[in-house]
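The values are calculated or read from the model by the stated rules, or taken from the named source; none is laboratory data. Keep in mind it's a predicted model, so treat the numbers as computed, not measured. Neighbour counts run over all protein chains shown; Cβ positions are idealised from the backbone, glycine included.
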Amino acid sequence: MSARLIQRVPGILLRPAAEWAVIETEEASLRSLFLGYACLLAGLGFAGGFVAGMMAGAFRGAALGSGLLMGVAVYALTLGVVAAIGAILEVLAPAYGSNLSRPQAMKLPVYAATPVWIALVVVWIPWLGPLLLLAALAYSAFILRLGIMQLVRPAPGGRIGFATAVLAAGLALALIAIWIASLFATIATMIAYR
């Protein structure tokens, strides 16, 4: 694990406004954002999904298969949502008086997703896991909004509109991903009880 990752996680979680100021000045490529940060933290979601799937299949001897299915689904869905939000940011920015490069646009969802990836480690815990995930989604939206104001700097009249459009799209994508993950959970359970 890189020193930058180890510094970035607590920075974005505990001091997001100050961390966005640091992020703004950093050079980044899509490769470094995904391979050096997003894929590593999405691995936490894989672990949480794997445990949830293992628990669903533990009583019927299909724990490994259902665990792998859920882990891969959560991993792929979280990375897909992050990439889609980055693309939305890049497309919408010019309409609100800003011009973002693809890496600058991708910085926002990659780093803002940190609380969600951390919460996915414990998503398998009944009652507590889903509540922590909801809190993490709300905090990620807050971090994303701070980042939009720092990195995108939409025109003064368009700040609320831009942030609202991106957050609404992000929420819709997150809800779709949760729905798809629940389908995978159902499939994992069906595999377990076959």
Might you let me know whether region 78-90 holds any residue that is within 14 Å of ARG153 (Cα to Cα), touching a residue at least 12 places away in the same chain (Cβ under 8 Å) and part of a helix (DSSP H, G or I)? yes
Subset of region 158-172 (residues that are among the β-branched types (Val, Ile, Thr) and either in contact (Cβ under 8 Å) with a residue 24 or more places away in the chain or surrounded by 14 or more Cβ atoms within 10 Å (Cβ to Cβ) (or both)): VAL166
Can you give me the ranges of the helices (runs of 4 or more DSSP H) entirely in region 98-153 with at least 2 residues that are within 14 Å of ALA38 (Cα to Cα) and in contact with a helix residue (DSSP H, G or I) (Cβ under 6 Å, 6 or more places away or on another chain)? 102-112, 114-119
Of all residues in region 181-194 being buried (at least 16 other Cβ atoms within 10 Å of the Cβ) and among the hydrophobic types (A, V, I, L, M, F, W, C), the one that is modelled with the highest pLDDT: ALA181
Could you go through region 26-40 and let me know if any residue there is in contact (Cβ under 8 Å) with a residue 40 or more places away in the chain, surrounded by 13 or more Cβ atoms within 10 Å (Cβ to Cβ), outside any helix (DSSP H, G or I) and not charged (D, E, K, R). yes
Scanning for something surrounded by 13 or more Cβ atoms within 10 Å (Cβ to Cβ), under 18 Å from LEU108 (Cβ atoms) and either at pLDDT below 90 or not β-branched (Val, Ile, Thr) (or both), does region 41-52 turn up at least one residue? yes
Going through region 165-179 in order, the residues found to be out of contact with any helix residue (DSSP H, G or I) (no Cβ under 9 Å at 6 or more places or on another chain) and modelled with pLDDT under 85 are LEU175, TRP179
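Conditions tested, residue by residue: (1) modelled with pLDDT under 85; (2) within 21 Å of ILE12 (Cα to Cα); (3) in contact with a Leu (Cβ under 7 Å, 6 or more places away or on another chain).
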| position | (1), (2), (3) |
| --- | --- |
| GLY57 | yes, no, no |
| GLY61 | yes, no, no |
| SER66 | yes, no, no |
| VAL72 | yes, no, no |
| LEU77 | no, no, no |
| ALA84 | no, yes, yes |
| LEU92 | no, no, no |
| ALA105 | no, yes, yes |
| VAL116 | no, yes, yes |
Taking ILE118 as the residue in question, decide whether it is crowded, with 17+ Cβ neighbours inside 10 Å and either of a type in the set (S, T, N, Q) or within 13 Å of the chain's Cα centre (by Cα) (or both). yes
Only one of LEU132, LEU175 is surrounded by 16 or more Cβ atoms within 10 Å (Cβ to Cβ) and without any contact (Cβ under 8 Å) to a residue 40 or more places away in the chain. Can you tell me which? LEU132
